[in-house]
Amino acid sequence: MSDAIGLLERASATAAQDITIKPLSAHIGAEIVGVDLTRPLAAEHVAQIRSALLKWKVVFFGNQHLDHAQQVAFGKQFGQLTVGHPVFGYVDGHPEVYSVSRNRTANRFEGARLLRPWTGWHTDVTAAINPPAASILRGVIIPAYAGDTQWTNLVAAYQGLSETLRGFIDTLRGEHRFTVPDGAQAKQEFIKRVSNTPLVSEHPLVRVHPETGEKALYVSPSFLKKIVGLTPRESEQLLTLLFEHAIRPEYTVRFKWEPGSIAFWDNRSTAHLAPTDIFDTDFDRQLYRITLVGDIPRGADGRSSIAIEGEPVAAHTME
């Protein structure tokens with residue numbers, strides 16, 4: 001465990017004893033109980049939640065029936081918030097909130113996607129030069145069954161590679177951009193939004209976490225399109241290996257939502273998968289997401305990411 005995580009845990013060990021942290025798997029995910037997120041948190045509670053987030057990568061809260069303003073207030077206790085989504089907008093009247101509805105992509109793509117084991121897995125907004133540091137997702141309308149979300153620990157995934165391969169990918173960088181899923185066709189709404197707000201960035205394949213110093217396999221299958229400096233075939237084969245490795249079951253956790261559930265994940269060390277099984281049911285599903293402003297990633301070789309197109313995702317400052 002890094003010094004940063006250890007310090008935070010020691011700082012909160014004598015306080016906030018009413019908070020209980022229940023790990024859900026060996027590498028990722030913990031449930032936090034004993035705290036009311038509808039109200040401002042005590043400083044020791046913020047420290048303990050942050051410590052759990054750094055250690056377990058994604059933390060979950062139950063029975064937290066927040067409205068938009070309360071969700072925003074909760075998030076601001078952990079950092080500055082971005083606009084809901086830099087490309088796809090926000091909820092009217094709540095510029096920090098992004099609607100994650102069942103059919104939110106219906107006006108973006110059409111046609112059958114090319115399905116691979118990693119299809120749909122992603123880290124939020126890695127096409128930006130400074131992807132969000134963290135995301136907070138709130139469940140409101142939840143299906144009776146189906147609709148689970150999965151996360152994977154990209155630090156554990158990196159550590160699971162051979163030393164030889166780690167040494168190689170420590171030197172590599174990849175290009176991230178918004179594109180339609182392989183096999184699908186873009187609709188005009190998607191083309192218009194991406195054209196109006198282009199985001200393309202070059203990130204290291206291995207990212208050093210700015211708080212813990214841990215190395216994470218920084219691969220986002222939905223956004224990472226090629227490895228810089230390799231031939232197309234070399235890039236395709238290496239990305240296939242890394243994508244398959246990153247989502248191995250032992251690195252993952254699967255969360256069953258309920259109304260009032262909150263998921264809070266470290267976007268610098270995880271990737272996640274939105275459900276598709278809900279489209280095999282008639283259930284509605286509505287969640288709302290906010291994101292914390294992130295820094296520019298730095299690689300294991302000390303080099304920082306560079307923007308190819310687009311501006312950094314700034315904090316939302318309008319009142």
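Within the chain, antiparallel bridges make up roughly 95 percent of the DSSP beta bridges whose residues both belong there. Measuring only protein heavy atoms, the 1.4 Å probe finds Lys226 accessible over about 100 Å². The heavy atoms of Glu234 offer some 90 square angstrom of accessible surface to a 1.4 angstrom probe.
The candidate values were [x] 1.00; [y] 0.94; [z] 1.12; the one computed from these coordinates for Rg/Rh (Cα atoms, Kirkwood Rh) carries the label [y]. Expressed as a whole percent, the accessible surface of the stretch 15-122 that belongs to carbon and sulfur atoms is 51, based on a 1.4 Å probe. As a fraction of the 1.4 Å probe accessible area of the stretch 217-291, surface on carbon and sulfur atoms comes out at 51 percent. Solvent exposure of Glu258, expressed as accessible area, is near 120 Å², computed with a probe of 1.4 Å over the protein chains only. Put Thr317, Thr119 in order of accessible area, highest first, and with a 1.4 Å probe you get Thr317, Thr119. With kT/(6 pi eta Rh) evaluated at 10 °C and eta = 1.306 mPa s, and Rh the Kirkwood radius from Cα pairs, the stretch 35-119 diffuses with a coefficient of 101 µm²/s according to Stokes-Einstein.
Calculated accessible area for the chain comes out at 44 Å² per residue, all protein chains present (probe 1.4 Å; ligands, DNA, RNA ignored). Note on Lys22: aspartates and glutamates with a C-alpha under 20 Å away, same-chain residues under 8 apart excluded, are Glu9, Glu31, Asp36, Glu44, Asp148, Glu250, Glu258, Asp266. For the set Val33, Val100, the ranking by accessible area, highest first and with no ligand, DNA or RNA atoms included, is Val33, Val100 under a 1.4 Å probe. With all protein chains in place and ligands, DNA and RNA left out, the 1.4 Å accessible area ranks Glu236, Glu163 as Glu163, Glu236, largest first.
Calculate the translational D of the stretch 175-319 in whole µm² s⁻¹ from Stokes-Einstein, where the hydrodynamic radius comes from the Kirkwood formula applied to all Cα pairs, the temperature is 25 °C and the viscosity 0.890 mPa s. For these conditions, the coefficient is 137 µm²/s. In terms of distances greater than 32 angstrom between alpha carbons, the cross-link table entries Lys187/Lys226; Lys225/Lys256; Lys57/Lys226; Lys192/Lys256 yield Lys192/Lys256. Please report, to two decimal places, log10 I(q)/I(0) for the stretch 227-301 at q = 0.14, 0.17, 0.24 Å⁻¹ as given by the Debye formula with identical point scatterers on the Cα atoms and no solvent. These q points yield log10 I(q)/I(0) values of -0.77, -1.01, -1.28.
The values are calculated or read from the model by the stated rules, or taken from the named source; none is laboratory data. As the structure is a computational prediction, the values presented were derived from the model and not from experiment. Surface areas here come from the heavy atoms of the whole protein model, side chains and all, with no ligands, DNA or RNA. Shrake-Rupley method; radii C 1.70, N 1.55, O 1.52, S 1.80 Å.
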